[in-house]
Each structure stands twice: as structure tokens, then as C-alpha cells.
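Notes follow the structure.
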Amino acid sequence: MKPMKRKRWIAAVLALSFLAAFAGSAGAEARPLEEKKNGKTVRVTWVDEADQPAAGPEGYACVRYTYSGKSVTESYTDTEGKPCMAGGGYYGRTETRDGKNRITEIRYLDAEGGLTLNAWGYARVTFTYTGFGAIRRLSYYGTGKKRVNVPSLGYAAIEYDYRGQTMTGRTYVNAGGRAVDTAL
């Protein structure tokens, strides 16, 4: 290699190394700090290198967990402590479990903690189970008490059929309880 080309090549390599090092330090990722109380996580705050709140991978800076019986509610806030919308179009969600630790309901919440439609078109989803622990029915609801057809899915519920403990089929039904055809 000629001396002039070698100097240019070395300069280019050094410049790229400098840029890579600068980009790596400037784009440092936020890391989670977990706060526990009585053995349960009550808050997870995403922080930067200076331990200041920063947006995490989902866009919010802090998740607060509230426990009530078999339900856990998580709410999201930004770096200033204001309600923050998650990617699914909600500000929090409540997950309820049964005595066997199976999810029985998920409720999607607005900034004030009320029920809201998420980005997929439903506000609540419920699960019922067989005696041997398999899902019997999965139903989607709006903000009221009636099932709704989820626009992104084309149905309001899935009903599973079993012979013994073997699933033999599933039926997709609309809000009225009638079977519907789906792409699945």
C-alpha cells in the first residue's frame, strides 16, 4: 500500500472508530430500577446513566403496580410523572387471576383509571377454564358488559371443544354468539 493511501485508510478507520464510540455513548439505553415493598414489585422506573428517569423500551418511564386481592393494576407515567400511553393505546391495565394463578380477566385503562378501548378495539378480555386447566372460552368486551366483535380479529370470542383432555376444535363466534368464518 502506498504511504498516502495508507494514511487516508488509517484516518478513515480512526474517524469511524471515533464515531462508533461517540454513537455508543450518546445512545446509552435506559435500564430498569425496581422498587419492592413486602416482597412485591411496586414500581419499575427506567433511568439513564445519571439515574434520571428516561423513556424505556415501551415509551413510558415508570410503571406503578397496585395490588388488590387477586388483581394487579399497572399504570404508566412519563419522565415528569404524568400519565403515559403505552403502545397498545392504554395508560394502564388490570390483570385478575383465579386461585390457581390463571389469568381470568385483563382490563385496559385510560389516564384516569377507567375502562377504555385499546388500539385493537376492545377494553376487556376474559378467560374461562375447564376443570383440568385448559382454556374453555376467551371473550372480548367493549367498555360495557356485552361482548364486541374485535375489528382486527373479526370475532368476539373463541370457544374451545374438548374430548377428555384433548382439544378437538375451536369455534370463533360473533357478539351475538353465532359462529363466524375467519382467516384462521
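The values are calculated or read from the model by the stated rules, or taken from the named source; none is laboratory data. If you're wondering where the values come from, they're calculated on a predicted model, not measured in any experiment. Here the Cβ positions follow ideal geometry from the backbone for every residue, glycine too, while neighbour counts run over all protein chains shown. Please note that ligands, DNA and RNA were not included when accessible areas were found on the heavy atoms of the full protein model with its side chains. Shrake-Rupley method; radii C 1.70, N 1.55, O 1.52, S 1.80 Å.
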**Complete:** The answer for the net charge of residues other than GLY113 whose Cβ lies under 15 angstrom from its Cβ, with Lys and Arg +1 and Asp and Glu -1, is +1
**Asked** What percentage of the solvent-accessible surface of region 28-162, computed with a 1.4 Å probe over protein heavy atoms, is contributed by carbon and sulfur atoms?
**Response** 47 percent
**Request:** Provide the gained length on full extension for the span ALA179 to THR128, in nm with one decimal, where the gain is 0.36 nm per separating residue minus the Cα-Cα distance.
**Result:** 16.5 nm
**Item:** Net +/- balance of residues flanking PRO53 in space, Cβ distance below 12 Å, scoring K and R +1, D and E -1
**Value:** -1
**Prompt:** So which aspartates and glutamates can LYS82 reach, going by Cα to Cα under 15 Å and dropping same-chain residues fewer than 8 places off?
**Reply:** GLU74, ASP110, GLU112
**Fill in**
HN-Hα couplings for region 71-80 via Karplus (6.51, -1.76, 1.60; θ = phi - 60°), in whole Hz with x for Gly/Pro, come out as 10, 10, 10, 10, 10, 10, 10, 8, 5, 9
**Peptides ranked, highest mean first, by Cβ atoms within 10 Å: ranges 163-172, 49-58** = 49-58, 163-172
**Item:** Given LYS40/LYS145; LYS100/LYS146; LYS37/LYS146; LYS40/LYS100; LYS37/LYS145; LYS40/LYS146, the pairs whose alpha carbons are separated by over 28 Å
**Value:** LYS40/LYS145; LYS37/LYS146; LYS37/LYS145; LYS40/LYS146
**Prompt:** Hey, got the dipole for region 59-155? About the Cα centre, +1 on K and R Cβ, -1 on D and E Cβ, debye to the nearest 20?
**Reply:** 600 debye
**Asked** Between ARG170 and residues 5 or more places away or on another chain, which pairs have amide H atoms under 5 Å apart, with H built 1.01 Å from N, and which residues are they?
**Response** ASP161
**Request:** Work out, step by step, the length gained on full extension between MET167 and VAL42: first 0.36 nm times the residue separation, then minus their alpha carbon distance; give nm to one decimal.
**Result:** 41.2 nm
**Complete:** Once phi for every residue in region 43-52 is put through the Karplus expression 6.51 cos²θ - 1.76 cosθ + 1.60 (θ = phi - 60°), the whole-Hz ³J(HN,Hα) values, with Gly and Pro written as x, are 7, 10, 10, 7, 10, 8, 5, 8, 6, 9
**Item:** Heavy-atom surface of region 101-157, accessible at 1.4 Å and reported per residue (Å²)
**Value:** 50 Å²
**Item:** Charge sum, other residues only, whose C-beta stays under 9 Å from ILE158's C-beta, Lys/Arg counted +1 and Asp/Glu -1
**Value:** +1
**Item:** Sequence-distant residues sharing a close amide H with ALA156 (under 5 Å, placed H)
**Value:** VAL150, VAL173, ASN174, ALA175
